[in-house]
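Asks: Have a look at the structure that comes next, please.
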């Protein structure tokens, strides 16, 4: 059985504000909306995953059956450290330079663009800052401005819903309002 999960990641490499306070605010909002339970799911994923509750159905376009809530690997988690959120199935496109639209496919151009991109991600993980120089147009571009299909996310704050279908637009809009910024929506299968 594979695990599907979706992460909702602020489009900010470093969250602008107190990320710990914001994580707690989002957690409390999800509790109040009865989306999650205050009990942690210690059965399958990690000690930092909370069980879903019935209120999550309000944020799904097509609510699943009751078995959804019995999955040992279903639940909500929040991350407050730098993290790269990437789909296991990367889609058709590598990172795309927003200046010249070059696709940094790791299997073309001797991998130079992909290598630069990977080095930039590594620098961001270490320092929190990253500009990547495109080998085609030679422009330095922020890691946050590169495009992917499907989305990747890069931030020190993120919210992951394990074993859950993609949440509806109403949820995304409310989350973005509470965060004060747009989010990357990163679907993942493992």
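Asks: If I ask for residues that are surrounded by 15 or more Cβ atoms within 10 Å (Cβ to Cβ), closer than 17 Å to residue 157 by Cβ, at pLDDT below 95 and out of contact with any helix residue (DSSP H, G or I) (no Cβ under 9 Å at 6 or more places or on another chain), which ones from segment 15-51 would you list?
Replies: Within segment 15-51, 49 is the sole residue that qualifies.
Asks: State which residue is surrounded by the most Cβ atoms within 10 Å (Cβ to Cβ) when the search covers only segment 69-92 and only residues that are in a loop (DSSP other than H, G, I, E, B) and either modelled with pLDDT of 90 or more or in contact with a helix residue (DSSP H, G or I) (Cβ under 6 Å, 6 or more places away or on another chain) (or both).
Replies: Top of the filtered list is 82.
Asks: Can you pull out the strands (runs of 3 or more DSSP E) entirely within segment 95-174 that have at least 3 residues that are in contact (Cβ under 8 Å) with a residue 12 or more places away in the chain and within 30 Å of residue 49 (Cα to Cα)?
Replies: Passing ranges, in order: 153-155, 158-162.
Asks: If you don't mind, another one. Of the residues 95, 150, only one is within 17 Å of the chain's Cα centre (by Cα), surrounded by 14 or more Cβ atoms within 10 Å (Cβ to Cβ) and more than 17 Å from residue 13 (Cα to Cα); which?
Replies: Criteria check complete, one pass: 150.
Asks: Further question: Do we find a residue being closer than 17 Å to residue 8 by Cα and out of contact with any helix residue (DSSP H, G or I) (no Cβ under 6 Å at 6 or more places or on another chain) anywhere in segment 130-145?
Replies: The answer is yes, given that some residue of segment 130-145 is closer than 17 Å to residue 8 by Cα and out of contact with any helix residue (DSSP H, G or I) (no Cβ under 6 Å at 6 or more places or on another chain).
Asks: Kindly establish whether residue 66 is surrounded by fewer than 17 Cβ atoms within 10 Å (Cβ to Cβ) and either modelled with pLDDT of 70 or more or within 15 Å of the chain's Cα centre (by Cα) (or both).
Replies: no
The values are calculated or read from the model by the stated rules, or taken from the named source; none is laboratory data. Nothing here was measured: the structure is a model prediction, and the numbers come from that model. Backbone-built Cβ (ideal geometry, glycine too); neighbour counts: all protein chains shown.
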